[in-house]
1. Here are labelled values, (1) 18.0; (2) 21.0; (3) 19.9, and one is the computed mean projected area of the Cα convex hull in nm² for what I pasted. Which one?
2. By how many nm would the segment from Arg76 to Val56 grow when fully extended, if each residue of separation counts as 0.36 nm and the alpha-carbon distance is taken off?
3. Tyr141: accessible area at probe 1.4 Å, nearest 10 Å²?
4. So how much accessible area does Trp205 have, in Å² to the nearest 10, using a 1.4 Å probe?
5. Divide, for segment 123-180, the radius of gyration over alpha carbons by 2.2 N^0.38 Å, where N is the residue count.
6. Too long at a 21 Å Cα-Cα cut-off: which of Lys38/Lys200; Lys133/Lys227; Lys38/Lys262; Lys223/Lys262; Lys38/Lys223; Lys79/Lys161?
7. Report, for the chain, the % of DSSP beta bridges that are antiparallel, rounded to 5.
8. Sort the following peptides by mean Cβ neighbour count (other Cβ atoms within 10 Å, averaged over residues), highest first: 271-279, 185-193.
Amino acid sequence: MKENKTRIVFTGDISFSGFFSGRENENILSDEILEYIKTADCSVVNMESPVTDEEVSRKERLSHRCSGAALDYIIRTFKSPVVSYANNHIMDYGVKGFLDSLDAAQSRGLEYIGAGRNLMRAAEYAVLGEEIKVAVMAVQYKNELTASEETPGPLHEFEKKLIRKQIRRMKTEADYAVIVYHGGNEFLHAPMPYIRRTLKQYISWGCDAVVAHHPHVVQGYEKIGDKMIFYSLGNFIFDTEYQRMQDYTDRGIILGMDFTDKGISWDVKPCVLDRNTMRIKEGEEDPHFTDIADTDYRRLWCRESLRKREVRKRADSLRESGKDRADDEIYEVEIVRSGRDRRRAFYRKLVMKTGQFLAEHIYR
């Protein structure tokens, strides 16, 4: 008897900016990578930049944007793609750049998740598959210019009541519920404890799998009962001067998940960017893609937490050189935060400082 199945491919970060700017019509994926992508019934990809012609960024540095050709590339390359706009760069060119991104997807009939013209639209999910239904929503960590009841933006992780409510709704409309999460510490190979707690909380609320990205490097995974968390898929189509200052940013994981009557199974295709040819090809098994439940997790995250000093030092050296500045005209704006946003920022800084302190005193 044939098993009912929906197969979804998830990728790490995609942005046709930086070294991939203007390469939307080039042959940048090897045959092995393309063959793997085509095994999917549906695909979920993270678009790590606004799709806009806006030339004025609200940021002084690390601004990303791409043209509509990037979405055309996704439509050509992936089967039944869904784009996640829930990330920390989608507001790089302000509200106009953000709304341009929504319009660019809508005009192409491309479904998007994790963002909207108001909070409820940002929290909407896509239901994928035919034989087996899989509901997918997207959440991100950045606490500036996020969606509210009346203002546009991406969905923020602090909207816990809404996220929990949506997971319950997803489970009534689909066989499986998946959250795509964008957050974590850049360039570290282990999730910090507060990230691990956050993603495990989604599982406890009824989510069947969490697929994460943002660190720009590969992290491990964890099985909780019959459910899965993938902490970071690393990069896919994304390369900048800022990332080249750090190790392992040329590597990523493409994740294939099979949702069946009997449960979830998965496999991966490691990928690597050849920076000489700017082509992405099949890579070797990544040593950081391991089951963190089988490791000494405390020792792992303490070691990685201590590496933050090295990461920051490299980033500072690039900042001093000025090579990480936006190419477009820029101006600075003061972001007026609500009391809730200030509490969010304080909480995150407190967690980071506490984690650094504990790492220094625990790790031997």
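The values are calculated or read from the model by the stated rules, or taken from the named source; none is laboratory data. Just so you know, these numbers come straight off a predicted model, no measurement behind them. Virtual Cβ from ideal backbone geometry, glycine too; neighbours counted across all protein chains shown. Side chains included, ligands, DNA and RNA excluded: accessible areas come from the protein's heavy atoms. Shrake-Rupley method; radii C 1.70, N 1.55, O 1.52, S 1.80 Å.
1. Correct label is (1).
2. 4.3 nm is the gain from fully extending Arg76 to Val56.
3. For Tyr141, solvent-accessible area is about 40 Å².
4. 40 Å²
5. 1.19
6. Over 21 Å apart, Cα to Cα: Lys38/Lys200; Lys38/Lys262; Lys38/Lys223; Lys79/Lys161.
7. Roughly 50 percent of the beta bridges in the chain run antiparallel, per DSSP.
8. 185-193, 271-279
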